[in-house]
Structures are given as structure tokens and as C-alpha cells.
Amino acid sequence: MVLGTSVLFVFYKLNERVPWSCREYPPFPGEWQWTGMGSTRDSTYPMEDQYNGNEEDKEGMRELLRVKCESLKEQDFMHDYRIEDFYIFAKI
């Protein structure tokens, strides 16, 4: 796997009963790819996913992630989320 020069993190909190199929995405723009997931110490956003790709398609990827997260919220699968350029963030 070759990582791109840009990164996006999605910090989120899912509801308890979320089907794995909710993690399916449409094709990512450009060279973007999912590169991993983990947990945080923040109870508001206890999970995170990381995506890497090319700078030229970064805003398109950010929009794809925003639309996906909003859809999950509407389906009551996700409580809340944040999309950030860096792993370090402060609580709102």
C-alpha cells in the first residue's frame, strides 16, 4: 500500500447495534483509501478512521465522508462525528 500525501481523520461515536454493512462506501475519489481505524480517549468521539490520498482530491474525499456520516446519523447509526486534518483535536 502506497500512502498519499494527505490525510483525513473521522472521529465518531456509533450506536450499539450497527450493521457492518453501514461501513460500505461509494468509490473514493482519486487515490484515496481507508488506512485504518482505532480508538481515542475521548468519550464524545471514542473511535476514529484514517484515510490517505492525494491532495488534489482531498476536498472531494472530505465531502464524501461528510455525506456518509450524515447518512449514518439520519439512520440513527451514528451519534456524532468530526472530520479533521490532524489526529489531535480538542473537545467542542
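Computed from phi, the 3J(HN,Hα) profile of the range 22-35 under the Karplus parametrisation 6.51, -1.76, 1.60 (θ = phi - 60°) reads 5, 8, 7, 10, x, x, 6, x, x, 9, 6, 8, 6, 10 Hz, with x in place of Gly and Pro.
Annotation: amide H-H contacts under 5 Å for HIS79 (H modelled 1.01 Å from N, sequence separation of 5 or more, or interchain): LYS13, LEU14, ASN15. Available extension along the chain between GLU55 and ASP42 is 1.9 nm, counting 0.36 nm per residue and deducting the alpha carbon span. For the chain, the dipole from Cβ point charges (+1 on Lys and Arg, -1 on Asp and Glu) about the Cα centre works out to 340 debye, to the nearest 20. Below 12 angstrom from the Cβ of ASP57, what's the summed charge of the other residues (Lys, Arg +1; Asp, Glu -1)? Residues near ASP57 contribute -3 overall. The angle between the Cα long axis of helix 58-74 and the longest principal axis of the Cα atoms of the chain comes to about 20 degrees, rounded to the nearest 10. Mean residue ellipticity at 222 nm, helices only, the chain: -6000 deg cm²/dmol; runs of at least 4 DSSP H residues each add -39,500 (n - 2.57), and the sum is divided by the number of residues. Using only alpha carbons, the chain has a radius of gyration to Kirkwood radius ratio (Rg to Rh) of 0.95.
Where a number appears in this text, it was derived from the coordinates with a stated rule and is not lab data. Please read all numbers here as calculations on a predicted model, not as lab measurements. Note that we place each Cβ from the backbone using ideal geometry, even for glycine, and neighbour counts take in every protein chain shown.
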